[in-house]
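What follows draws every value from the coordinates through simple rules; no lab data is involved. If you're wondering where the values come from, they're calculated on a predicted model, not measured in any experiment. A quick note on method: Cβ atoms are made from the backbone with ideal geometry, for glycine too, and the neighbour counts reach across all protein chains shown.
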Amino acid sequence: MSEPAKGISRTDVAHLAGLARIDLSDAELDHLASELPAILENVAIVQRAAGDDVEAMSHPLPVNNVFREDVEVPCLTPEEALAMAPASEQQRFLVPKILGEE
């Protein structure tokens, strides 16, 4: 088996797969050993495309969190919340048991 270009061997690919916890077949190892140099070259091209004056970002558009004041507002009383329930007990909805518990 010949050594792929750029010094990336089948053993290197197997090691990377192990670190990533990916189980690769022999055919996949051989294929990736020949493809990985081109992949890494393309990654390097993309990295060079953004110069030092381009700020790193996690999103292409500015994202701002919108917060509102935590204001207490009127809500249902327990009696109002349970008024339409088919059954209730101790201010809780009473539902049928589904796990066969006694």
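A few remarks follow.
- Loop GluC sites (Glu not before Pro), the stretch 1-67, which have at most 10 other Cβ atoms in a 10 Å radius of their Cβ (DSSP): E55
- In loop segments of the stretch 28-94 as defined by DSSP, the trypsin sites (Lys or Arg not before Pro) with at most 10 further C-beta atoms inside 10 Å of their C-beta are R68.
- Once both labels are positioned 7 Å from their Cα atoms along Cα-to-Cβ, the gap between L16 and L61 label points is 3.4 nm.
- Positive-end residue, the chain charge dipole about Cα centroid, Cβ charges, pick of T77, L99, A50: A50
- Overall form of the stretch 5-49 per C-alpha gyration tensor (a/c, 1.5; a/b vs b/c): prolate
- Per-residue Cβ neighbour rank within 10 angstrom, fewest leading, D23, D53: D53, D23
- Our helix-only sum for the chain, with -39,500 (n - 2.57) per DSSP H run of n ≥ 4 divided by its residues, gives a mean residue ellipticity at 222 nm of -12000 deg cm²/dmol.
- Whether the chain is rounded, prolate or oblate, judged on the alpha carbon gyration tensor where a/c under 1.5 counts as rounded: oblate
- For S88, the amide hydrogen comes within under 5 Å of the amide hydrogens of L94, counting only partners 5 or more places away or on other chains and with H modelled in the peptide plane.
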